[in-house]
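Structure, as structure tokens:
Bear in mind these aren't lab numbers, they're just calculated from the coordinates by the rules spelled out. Quick caveat, the model's predicted, so the values are computed rather than measured. Cβ sites come from the backbone with ideal geometry, for glycine too, and all protein chains shown count toward neighbours.
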């Protein structure tokens, strides 16, 4: 073999090795994170299976906006889990007539089902301090007050809670609190001004990105023209923010997104779920003769809204795999009034198997209230198998841990089996489909077993694939632990 040929062969081999190394480096390390099937991040292929969006079950009213300082135009609820307590904040606004003052109201719960409105005695409203108001300074600050519990390591105790509030067309103001009850303006100047902010704008600390993230209202046109949409900005200190970036929704039609509802999912915080309100400004389900009997303001008698589901893992892209409604308006005319059906920001966990989702109902009407919905833990989207069955093949990944845990349900006839493969698609001895103990039933945290047991630690850190065979079953999430 000539020196030239030998050198060329060496070069080709080195090139192939380098390419392989680059591919290896690009394989995600899941560590022990829980993964949901809200996008195709880990899905290589689905054969005979599909991704199914699940609609929450309406459980009924959580509470009415029945205090004199709350009323028909109460809006923008935010739920925060603080230890064993759920804290809820929302706008109180009896009407939208000139001179009516908005306040920020507070309720709390230990189980997400029963809510109380404590008499806090902080602000005098309507001649009394016996109220549940946590903010009543400068009406403009309570129009869209949006608090968060700051989970950034080392955050000072006096700023453990933070909030942003949008002043329409002007900017975002920042508030801080040590206890979530007593709030003060952090800085007199707006912390961010590059938007219109005429909605529920949200911010949180992202552990996966190592920075604060804010999703806020913008429009596709100049001023308040075009489509209501969403932009994003980030910060290291909550006071200084990057230039905004318009969010991308993939190859989907533009729609009015009235709120964004973007939040880290508490069981998988590297995935942000967006429970947003979709708005149709000129699509009214009710005849004017009906709507005028429900609301006394003409602009709330037209249009309609529902709730949608999106997700993102950070960056500028929302995954909109599901264009259908996540929650439909409802079965009475009172559910079809304009600007109704706004999902709350935040979730509660119930009985170890359920999530509670909250949504405004009967907006602009005397019966305005907050409804509670329930959904299986992780149950937003599933990999769904019919009776005929099918298979999922994952993209390559690495993991940490000793066991594989799945959240699934099946019929009595159905089942799931899991195979772990090498990068060439060959079953790893001891972890083949045939060696997997058939899985059927209904479990939130089920450990997969093979003939040799459940221990997969010998594969930890190694790049592998996962093959899942299913029939008449749903798979919601998995993690290695």
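Listed values, structure above:
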| item | result |
| --- | --- |
| Peptide ranges 240-246, 372-378 listed from the most packed, as the mean C-beta count within 10 angstrom indicates | 372-378, 240-246 |
| Region 248-305-region 123-196 distance, computed between alpha-carbon centres (Å) | 25 Å |
| DSSP bridge orientation in region 237-384 - percent antiparallel, rounded to nearest 5 | 95 percent |
| On Cα atoms only, tilt of 3-25 relative to the major axis of the chain in degrees | 40 degrees |
| Intensity falloff of region 242-378 expressed as log10 I(q)/I(0), Debye formula with alpha-carbon point scatterers, at q = 0.09, 0.10, 0.21 Å⁻¹ | -0.30, -0.37, -1.24 |
| Ranked by how many other beta carbons lie within 10 Å on average, peptides 35-41, 411-417, 184-190 from highest | 35-41, 411-417, 184-190 |
| Kirkwood Rh in Å, taken over region 57-376 so that all alpha-carbon pairs contribute | 19.7 Å |
| Taking region 57-376 and dividing mean pair separation by its residue count, relative contact order in percent (alpha carbons under 8 Å, at least six apart) | 16 percent |
| Peptides 462-471, 313-322 ordered by average Cβ neighbours within 10 Å, highest first | 462-471, 313-322 |
